1. Which of the residues spanning the stretch A:73-92 are out of contact with any Gly (no Cβ under 6 Å at 6 or more places or on another chain), surrounded by 12 or more Cβ atoms within 10 Å (Cβ to Cβ) and of a type in the set (S, T, N, Q)?
2. Tell me, please, whether a residue that is surrounded by 15 or more Cβ atoms within 10 Å (Cβ to Cβ), within 30 Å of B:Gly268 (Cα to Cα) and facing chain B (nearest Cβ under 9 Å) can be found in the stretch A:233-245.
3. If you scan the stretch B:46-63, which residues turn out to be assigned to a helix (DSSP H, G or I) and more than 9 Å from every other protein chain (Cβ to nearest Cβ)?
4. Take A:Arg129 and tell me if it is within 14 Å of chain B (Cβ to nearest Cβ) and among the basic types (Lys, Arg).
5. Which residue, of B:Arg5, B:Arg13, is away from chain A (no Cβ under 13 Å), at pLDDT below 70 and over 30 Å from B:Phe248 (Cβ atoms)?
6. Determine whether the stretch A:281-289 contains at least one residue that is modelled with pLDDT under 90, more than 9 Å from chain B (Cβ to nearest Cβ) and not in a helix (DSSP H, G or I).
7. Would you confirm whether or not the stretch B:93-107 contains a residue that is crowded, with 18+ Cβ neighbours inside 10 Å, within 14 Å of chain A (Cβ to nearest Cβ) and in contact (Cβ under 8 Å) with a residue 12 or more places away in the chain?
8. Which residues, counting only those in the stretch B:136-159, are more than 7 Å from chain A (Cβ to nearest Cβ) and within 23 Å of the chain's Cα centre (by Cα)?
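The values are calculated or read from the model by the stated rules, or taken from the named source; none is laboratory data. Keep in mind that this is a model prediction, so the values were computed, not measured. Positions of Cβ are backbone-derived with ideal geometry, glycine not excepted, and every protein chain shown enters the neighbour counts.
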Amino acid sequence: MQTKQTLAREEAIKQPYPTERTLAGFFQRWLIKEGSAYAFLSPYGLLFIIFIVVPVLSAFLLSFTFFDTIQPPHFIGLNNYISLLTQDDTFMKYVLPNTIQFAVIVGPGGYALAFMLAWMLAQLPRLPRTIFALILYSPSMTASVAMAVVWKTLFSGDQTGYLNSFLMGMGLLREPIQWLQSPQYLMPIMIVVTLWSSMGIGFLAMLAGILEISPELYEAATIDGMSSRWQEIFYITIPSMRPQMLFGAVMSIVGTFQAGAIGVTLSGSNPTPQYAGQLIVNHVEDYGFLRYEMGYAAAVSVVLLLMVLFFTRVANRLFASDT
Amino acid sequence: MINKRLSRYTGIRNAGINPKGFHVSQIKFYVILTPLSALMLLPIIYIFSSAFKPPDELFAFPPRFFVVNPTTQNFTDLFSKLSTSGIPISRYLFNSILITVITVAASIMVSSAAAYSLSKKRFKLKKMLFAINNVALMFVPIAVTIPRFLVIVELNLLNTFWVHILPVLAMPVGLFLLKQFIDGIPDEVIEAAQIDGASDWWIYWRIILPMIRPALATIAILTFQSAWSNAEISTLYINEESLRTLAFYLTTLTPANATAVNTVAGQGIAAAAALIMFLPNLIMFIILQGQVMSTMSHSGLK
């Protein structure tokens, strides 16, 4: 089979390289040079264009229109963006600060946590590692409903809630706190719950990445006099798994900015009490599916996209491979 | 010959990290991981114990995590309800299994081929196409719900079997992850194979795919999960009962907002259904995550 292929290859080489300056010649040259790349790409590319690029582009175009889902959209230029920046008090006062606060803590926090846990798991033999990986990943696997019920039970607002009864039993509280309904506590609870469930696909990728690193690298480093595990992490582990680190970083950025369900499920309402847990995605839902202002909702999601892109660029700088 | 060269790259993962057995130095990791895991286990414990709770415990106040008097009543209720439905349950189950199997297999093939091209091929638009893929990944899914619906209507995919599969095959996350892993394969491996006369397809099938098995397993976990528990497509795009999935059917057994409504029987059935939907995810995770680990531990032995 091998020789057959070699023959076919030689045959292909023997064919004259098309040099005519016609369109057909140009196409033939392109086919030889880049044809196979596109052949591998095309099934994905086709589906991607139809089901992702077209909808995303139309959402982008919708952001320049007024569209209430009943009448056809009509073009209003940048008005959506202008009113978002100048008139949307809720956005400026609650949604944007909330999202930034949430993302700044949960993004890097969840990412660091995922990496540290993946690294620890990699130090264990196979069986306990699989068991721990399963457990740590399970919050991402269990449907959000089950998760919400668990946390609602813990933070239940009356004296029977686990946290309330615990604190009251300790004598730290006199009366129960409405954890999930008070603007003061909702955000911290959202942050804790999201951190708790942040061992997702990025975590699995980093775990696989760490396990992939050649032990020879560690041996060589030991011979060169590297002694502490911290040095090992920063000079060997992280540089050797840059692609996976970048993937994990992008996923945690995207994940935190696209988080939205959490505040609504915990408090049980959109908008959340006094907008305390309102994130950009809730804002999009609020306008798109409660007020049916799709154009405006699309504009908000474009702004969200720009924010995500900005932070991803930072991550790219950190982990971009040199090639 | 290619295999020989390959083993130079694949056959060196062993020792140090990914140890073979227990060592005293591992105790500290167990000390940290065990209490954390106890916290992470809560939802699983909850799903399992709720499924076996009798009604008075499901509505117990204060609520409890653990079941005191386990009963299989919820499952009996669920199955008796299933037997009275117009369409046999096996139809939904068959749909779900077929859809999940095709989606996982096709999605992996399609994404890994594209990832190979974007990682190892040389062509002009390469960087731009990868960037477009990542921008698409960052766009909030809910903002494209309506445009995507219109696309599916235009393509006449409403009420067809393929609407379950085609729209979800191109998964930007999958492409991104696979490309990152293929980036880690040294170019020399592929060049060596090319010199030996290997075709593109051979390189993709015999070198790239085996070397990124951990990534493939990871993506399979993700795809399986989303395909298996997808009730949304059945809700939005399907009107014909016989084309809907098990995940959808189980959501119809209980009132839309299962957490808020106080229908006693509904709650028990919902808890049992939740466990049935969850178990395949759990099993697949164990099998596939085992794949991630085994590639590493076996290749070191040769």
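1. Correct list: A:Asn79, A:Ser83, A:Thr90.
2. No.
3. Across the stretch B:46-63, the qualifying residues are B:Phe48, B:Ser49, B:Ala51, B:Pro55, B:Asp56, B:Glu57, B:Leu58.
4. In short, yes.
5. One residue alone meets the criteria, B:Arg5.
6. The answer is no, given that none of the residues of the stretch A:281-289 is modelled with pLDDT under 90, more than 9 Å from chain B (Cβ to nearest Cβ) and not in a helix (DSSP H, G or I).
7. Scanning the stretch B:93-107 turns up at least one residue that is crowded, with 18+ Cβ neighbours inside 10 Å, within 14 Å of chain A (Cβ to nearest Cβ) and in contact (Cβ under 8 Å) with a residue 12 or more places away in the chain.
8. Those that are more than 7 Å from chain A (Cβ to nearest Cβ) and within 23 Å of the chain's Cα centre (by Cα): B:Pro141, B:Thr145.
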